[in-house]
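As structure tokens, the structure follows; a few thoughts come after it.
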Amino acid sequence: MNRVILIKYGELTTKKGNRNFFIKVLYENIKNKLQDYQVNIKKDISRMYIEFEDKDLKIILSKINEVFGIHKYHVAYKVSSDQETIKESVLDAIKNISFDTFKVNTKRSDKRFEINSMDFNNVIGGLILKNVNNVKVDVHNPDLLVNIEILPEFTYIYTNSYAGLGGYPVGTQPKSILMLSGGIDSPVAGYLMLKRGVKLDCIYFEAIPHTSLEARDKVLSLAKKLSKYCNKIDVHIIPFTEIQESIYKNCNPDYTITIMRRMMYRITERLAKRKKALVISNGESIGQVASQTLHSMSVINEVTNMPVIRPVACLDKLEIIDIARKIDTYETSILPFEDCCTVFVPKHPVINPTLEECLINEEKFDFEEQINTVMKNIKTITIREKDKNNYQDLL
């Protein structure tokens, strides 16, 4: 019997008039993900089918687990739609499975098939009871669920079910600029943005020599871990040293983080417009640090009219860490290399800043000229899943 991977769309089916667009993007994402393997991918309005070589099954399943937009998938037997073939194939499909109870679930999409679904459940159930010793039917909580989908051309038989990542295919939404630091939160925020189909560019602020090349490598490694969900990510490296030094020389020490974040938002908005991104995203979580109180967020956000999406805003640290472990960014994020947001943390950062005090501090240095210089000296690295980590060679 031939086997195929049967993909079910889930949330994509709610798109009605736009469904074909979402399915097309998912198809292209899967095709790109599996380009190194001998596969044949077919799609229709409710399913996608991947024919594969048996030797590649394990690696193909691992790749499918990195594609957003898939609700569930199954490894199914593909057989002709006649009764005897289906019966023989069911027995063959379950012969190496150990179970005490089972249930048969038939979906008869081809109404020309001579037996209706309920009656065919009974036919196959009786066949299993006759040929497998010491088993019984349990329609509520079976050890084994035998699924039979009867279509005009073929019938699909499967006993397994795997959860996909869900969400929307990456590329069904426009681009966001993700403020990617070396911490735990921002890579998780990036993952959640990708899950909603949003394309990502990343922006990273560095202040050499106050931050290290190891800190940069850490961020690029995090971007690479995210790239497996979207093929590639452009990381824009911002030379932030002059601005950061001006802030610490001229501004009220308690306000340095607030002013720094306002500068970062200004630069990120300019980059977003340059790269035709519609929103900014970051890993801010309400109340986690001084710059993430609601007062701070409000004052910092004042410098931009661009929407700012904070996917982890309402998650606590343990919830964020759980996701970071799941997507394999946690161990990289906790490497001891400081970024701009941690290298000059004041002893008493303000938690309830005022806009008036921010404006007074920002008048003490010519940040507009410095931002103009920064925008001329941005370096960009394109990160791909297949890359080796010799990123310094690209700068």
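Residues in region 245-301 that are acidic (Asp, Glu) and in a loop (DSSP other than H, G, I, E, B): Glu284 only.
Restricting to region 42-79, and then to whatever is hydroxyl-bearing (Ser, Thr, Tyr) and surrounded by fewer than 20 Cβ atoms within 10 Å (Cβ to Cβ), can you tell me which residue is farthest from Gly197 (Cα to Cα)? The extreme case among them is Tyr49.
Count of region 1-40 residues, restricted to those that are in a helix (DSSP H, G or I) and either aliphatic (A, V, I, L, M) or farther than 21 Å from Gly197 by Cβ (or both), is 5. Within region 48-87, being hydrophobic (A, V, I, L, M, F, W, C) and under 17 Å from the mean Cα position of the chain (by Cα) holds for Leu61, Ile64, Val67, Phe68, Ile70. Look at (1) touching a residue at least 12 places away in the same chain (Cβ under 8 Å); (2) loosely packed, with under 15 Cβ neighbours inside 10 Å; (3) under 18 Å from Tyr77 (Cα atoms) and you find that Asn96 fails only one, number (1). Of all residues in region 34-46, none are in contact (Cβ under 8 Å) with a residue 60 or more places away in the chain and not β-branched (Val, Ile, Thr).
Values quoted throughout were computed directly from the atomic coordinates according to the rules given, and no laboratory measurement underlies them. The shown structure was predicted, so the numbers you read here are calculated from the model rather than taken from an experiment. When we count neighbours, we look across all protein chains shown, and the Cβ atoms used for this are built from the backbone with ideal geometry, even at glycine.
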